[in-house]
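Trainee: Have a look at this one.
The values are calculated or read from the model by the stated rules, or taken from the named source; none is laboratory data. Everything quoted here is computed from the prediction, not taken from an experiment. Counting neighbours? That spans all protein chains shown, and the Cβs are built from the backbone with ideal geometry, glycine included.
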């Protein structure tokens, strides 16, 4: 990369095809993690999904989490055809929330590391917003009955998973992946 400014080298350190492959792989992992567990347990244990979206946002950079969420949403839509629009919309929304919050909170530092507190805040807020909105929509439409205690448990455990995913994402990035990102 002789002749390119330093900033250009940093932003294009990974070929586009590899970024797409990584985003797709993370989307498939999200899909598999969501399909293995039965509902509502899959809604409570989203640490894998949140971690994959966080890492995808960091590795793929521009809209990485949104891309991984779209892949996961499309796969979920194929396997749960009756809920296809909701699976796709919520998966893409989750990715957009992660990408937007990572950008707004500036989780990446100049040295390539990420700030753990900001990653934790980003994934926790994204998870809480998506959890509250998806719970509201599924109850409002009539897909699920109103069981306040169950939904409170789902939301609390979801937030705990967002916090845990923030720590896991930050640790994995700072320890193993920042050199290739």
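Trainee: Answer with yes or no whether residue 14 is on the phi < 0 side of the Ramachandran plot, touching a residue at least 24 places away in the same chain (Cβ under 8 Å), surrounded by fewer than 18 Cβ atoms within 10 Å (Cβ to Cβ) and not in a helix (DSSP H, G or I).
Mentor: yes
Trainee: Sticking with this one: Tally up the residues in region 56-65 that are within 13 Å of residue 25 (Cα to Cα) and surrounded by fewer than 24 Cβ atoms within 10 Å (Cβ to Cβ), please.
Mentor: The qualifying residues number 1.
Trainee: Just give me the residues in region 25-47 being surrounded by 19 or more Cβ atoms within 10 Å (Cβ to Cβ) and either modelled with pLDDT of 95 or more or in a helix (DSSP H, G or I) (or both), in sequence order.
Mentor: Restricting attention to region 25-47, the residues satisfying the condition of being surrounded by 19 or more Cβ atoms within 10 Å (Cβ to Cβ) are 26-27, 29-31, 34, 43-44, 46-47.
Residues satisfying the conditions are 26, 27, 29, 30, 31, 34, 43, 44, 47.
Trainee: While we're looking at this one, here's another question. Any residue in region 134-161 that's free of Cβ contacts under 8 Å to residues at least 24 places away in the same chain: show its pairings with residues that are surrounded by fewer than 17 Cβ atoms within 10 Å (Cβ to Cβ) and assigned to a loop (DSSP other than H, G, I, E, B) at Cβ separation under 8 Å, as long as the two are six or more apart or on different chains.
Mentor: Close Cβ pairs satisfying both conditions: 139/145; 139/146.
Trainee: Something else: Considering region 149-177 alone, what residues qualify as being modelled with pLDDT under 90 and farther than 16 Å from residue 42 by Cβ?
Mentor: 152
Trainee: Let me ask something else. Suppose the filter is at pLDDT 95 or above, farther than 24 Å from residue 175 by Cβ and either part of a helix (DSSP H, G or I) or more than 12 Å from the chain's Cα centre (by Cα) (or both); does residue 66 pass it? Even if it seems obvious, please write down each step before you answer.
Mentor: Working: at pLDDT 95 or above: yes; farther than 24 Å from residue 175 by Cβ: yes; either part of a helix (DSSP H, G or I) or more than 12 Å from the chain's Cα centre (by Cα) (or both): yes.
In short, yes.
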